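Beneath this line is the structure, given in structure tokens, with notes to follow.
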Amino acid sequence: MTNSPTSTPALAGESTAPAATRSEAAGPHVLRHDDLELIIDTSDGFPRIVHWGAPVGVATGDPALRLLGQRAVSASGPDCGVDASALREHARATQGTPAIRGHRQRRSWSPLFTVSAVTVAERSLSIDCVADSEELALGLTYRLETGGVLLVDTVVTNLGEEHFDIDELTTWLPLPPRAAESIDFTGRWLRERQPQRRPIQVGTWVRASREGRSGHDASIVQLATSRGASFECGEVWALAPVWSGASRTIVERTPDGTTWLGAGPVLHPGEISLLPGGSYRAPQLAATYSEAGIDGVSDRFHPWLRSREQHPTRRGSRPLTFNVWEAVYFDHSIEKLSELVDVAAEIGVERFVLDDGWFRPRPDDTSGLGDWMVSPQAWPDGLRPLVERVRAAGMQFGLWFEGEMVNPDSELFRAHPDWVLQVPGRIPPEARHQQVLDLSRADAFAHVLERVAAVIDEYAIDYVKWDHNRYLVDAGGADGIAAAQLQTEAVYRLFDELKRRRPGLEIESCSSGGGRIDLGMVSHVDRFWTSDSNDPFERQRIQRYTGVAIPPELLGTHIGPTTTHSSGRVFRLPIRAITALFGHAGLEWDITETSTSERAHLKEWAQFYRDRRGLLHSGRVVRVDHCDDSALVHGVVAQDRTEALFAYVQLDSAGASIPPSFRLPGLDPQRRYRVRLLEPFGAARRLERRSPAWEPQLMTTGAALDRIGLEPPILMPGEAFLIEAVAAD
């Protein structure tokens, strides 16, 4: 049995609020920042969340707050009524899932917490609770951050003289009765983050990842909405784990009509067993609220993430990236890669990334993981000739690693089979010919750190693409106790130490594409590989929903080959280029085989990206509620609304012979804008005799563009164009 405290740092740094004051269970308390308000009443000895959402205009201590939200007593319920604590204890007659489930050798299984102290600051509230008979302490801290994001921390401490085992720990926030629907996201490899909507009904809806990583099926964020809410309209409540390991989100409505939104880690049996005096800090939770639809949630999360000191755009522009994977796969040679370097430099690439296959022995994915030494077969002179050629061409150099994994066919595994996460007496099933290294072991951690750091130092690497190609199975540590939580914490420490040793190093989180994109990893990496699919039809939707919580400058978006390797579908360059533009843009195909025309368009695309990435990576993301499902309309609007760039993407044949008009919301309704249709990467194929009258440009108001919109040209499926709007003044 062990203590396993989880340390999840606040994403936006420490609060700059003035010194806190301490009081004895005073209340009600009101926290307000950036149009988000939290009201908690502790007057009755337990934390009752009265409200979280838009400000309601009352002050701390207002006696009316004690009455708001207190319900009538049912003739068939407890005589005292049920005023649900944020901890949802069964001891207070709450029917739903409690915040903490655990026991002390089958006792102390139903704790009753009372507030012992409240610490108040300008933007944070900490509540200390004690369950005397169960000898437990629990601390809740609520902090409002930049952009209107609420961070919640929960810490449980064992005050007894025997171990206390935690089976579940969930952070709960109540929902009002008008929260009628829930939206979460399912997915798989090559098709991450597909939305699924359902009515909120009596019962418990759980979306859990048990992979030891957030996973391809992870939601990133759980949404609850008013009925029919969309990207632009309706109320939305959002809750997300700030965690990269196994986690779950929950929507629960009890028979008495109360509704709650919850989230927390998925814990294996015995994984969190607190020694006397030991504490467990659960992964942090991030929550927010919007009155302006799902895009309003992005309007909260994106500024919050951008406010961090370590946010990559604070160090400058996001380099246009070329990754060699879909150009050469494992077939490495200095001759071919040198050709790719020359063409990439001609196009205007700023960062060149060598993917899997550079270390020994690595003819395919069945061997070599863990042996981080340059392959003498593929690279008899080492990587230096390639690195020097890349740098001479004015580009940064990046390299692929998968340091958490090991192939059984490797020198490392043959020397240390005990370093694999495992239940004693058996080796877990292989996946992708791999096992998972137990980074909670000091020796395994040190080996990976030193080997990876040595390669980074030798070649002065600027950028690491870090892959994670399998989920965890039988993830036991050296002592046989479940170690999935410790593994995630170790990965955080590993990334942080690599960055400490090489200031300026950027790390991309890849996990067979988008298998580890979450609000926990965002504090430790600088980019996410959004999906292994470069199919623009798939990418349009994947990027659309991944971007609900993650801003576009953190999402890798590449132009893939003409024939998509993951789907076999064939796409012309315009839709591939436009799809890749709205993120951290790059390329991933054999550009030495491009035609003269394609290469000219790629040069134009690279310059277009460089000219507009300031807007693309700082503006407000807008996803239009377009009335025709055959097309998607989305864009980015500058924060001062002086300019915007939108994409119109035809996914299928239009429902009508003349497609409906499309809107450009988010502009200043009073200003006049010069609007232009742009096709810089090749003209879209059309099915029309005459183009819309407004082409190629017009001057009109933001209100007209939102309320009337523009008539689109009639496009063939698989085509796209851009719309630029610039304020005339």
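The values are calculated or read from the model by the stated rules, or taken from the named source; none is laboratory data. Not measured: the values here are computed from a predicted model. For neighbour counting, all protein chains shown are included, and Cβ atoms are generated from backbone atoms with ideal geometry for every residue, glycine included. Just the protein is used for accessible areas: all its heavy atoms, side chains included, with ligands, DNA and RNA removed. Shrake-Rupley method; radii C 1.70, N 1.55, O 1.52, S 1.80 Å.
Counting every Cα pair in the stretch 270-380, what percent are over 21 Å apart? Write out the running numbers ahead of the final one.
Details: 4008 of 6105 pairs.
Roughly 66 percent, once rounded to a whole number.
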Could you run the Debye sum over the Cα atoms of the stretch 389-454, one equal point scatterer each and no solvent, and tell me log10 of I(q)/I(0) at q = 0.20, 0.27 Å⁻¹, two decimals? -0.81, -1.27
Multiply the residue separation of residue 60 and residue 188 by 0.36 nm, subtract the distance between their alpha-carbon atoms, and state the gained length in nm to one decimal. 41.4 nm
Rg/Rh for the stretch 102-181: what does it come to with C-alpha atoms and Rh from Kirkwood? 1.05
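Residue 155: net charge of surrounding residues, Cβ under 11 Å, Lys/Arg +1, Asp/Glu -1, itself excluded?
Net local charge, residue 155 excluded: -1.
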Return the Cα extents of the stretch 523-627 along principal axes one, two and three, sorted largest first, each rounded to a whole Å. 38, 37, 30
Probe 1.4 Å, heavy atoms of protein chains only: per residue, the accessible area of the chain in Å² is 36 Å²
What FRET efficiency, computed as 1/(1 + (r/R0)^6) with R0 = 41 Å and r the Cβ-Cβ distance, is obtained for residue 563 and residue 70, rounded to the nearest 0.05? 0.05
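Which order do peptides 299-311, 597-609, 346-358 fall in by mean Cβ count within 10 Å, highest first?
Ranking the peptides 299-311, 597-609, 346-358 by packing returns 346-358, 299-311, 597-609.
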Using Cα positions and a limit of under 27 Å, work out the lysines in reach of residue 603, with same-chain residues fewer than 8 apart set aside. 336, 465
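Against the 2.2 N^0.38 Å scaling, with N counting residues, where does the stretch 23-108 land? I'd like the Cα-based Rg ratio to two decimal places.
After normalising by residue count via 2.2 N^0.38 Å, the value is 1.26.
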Cα pair distances in the stretch 591-654, grouped into 10 Å bins until the bin that holds the longest one, percent each: 19, 33, 33, 15, 0
What value in Å³ per residue do you get for the convex hull of the alpha-carbon atoms in the chain? 164 Å³
Taking the Cα atoms of the stretch 50-163 alone, what are Rg (to one decimal) and Dmax (as a whole number) in Å? 16.3, 48
Expected 222 nm ellipticity per residue - DSSP helices of 4 or more, -39500 (n - 2.57), all of the chain, to 500: -5500 deg cm²/dmol
Report the label-to-label distance for residue 688 and residue 596 in nanometres (one decimal), using points 7 Å from each Cα along the Cα→Cβ vector. 3.2 nm
Quick check on the stretch 462-601: what are the equivalent-ellipsoid semi-axes from the Cα gyration tensor, as sqrt(5λ), descending, whole Å? 33, 17, 14
What is the extension gain from residue 103 to residue 373, computed as 0.36 nm multiplied by their sequence separation minus the C-alpha to C-alpha distance, in nm to one decimal? 92.4 nm
Cβ-based net charge around residue 54, under 9 Å, with every Lys or Arg adding one and every Asp or Glu removing one: -4
Hey, what's the Cα Rg ratio for the stretch 373-505 versus the globular rule of thumb, 2.2 N^0.38 Å? 1.15
Looking at the calculated P(r) for the stretch 656-722, what percent of the C-alpha pair distances fall above 17 Å? 44 percent
Volume in Å³ per residue [convex hull over Cα atoms, computed for the stretch 337-439]: 107 Å³
What's the ranking of 366-376, 510-520 by average number of surrounding C-beta atoms within 10 Å, highest first? 510-520, 366-376
Computed D for the stretch 201-242, Stokes-Einstein, Kirkwood radius over alpha-carbon pairs, 20 °C, 1.002 mPa s, to the nearest µm² per second, is 175 µm²/s
The stretch 179-252 - Rg (one decimal) and Dmax (whole number), Cα, Å: 12.4, 35
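Kindly give Rg over Rh for the stretch 604-714, based on alpha-carbon atoms, with the Kirkwood expression for the hydrodynamic radius.
Taking Rg over the Kirkwood Rh, I get 0.95.
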So, by mean Cβ neighbours within 10 angstrom, what's the order for 108-118, 653-663 with the highest one leading? 108-118, 653-663
Give me the log10 of I(q) over I(0) for the stretch 147-296 at q = 0.20 Å⁻¹, as the Debye formula computes it from C-alpha points; what are the numbers? -1.24
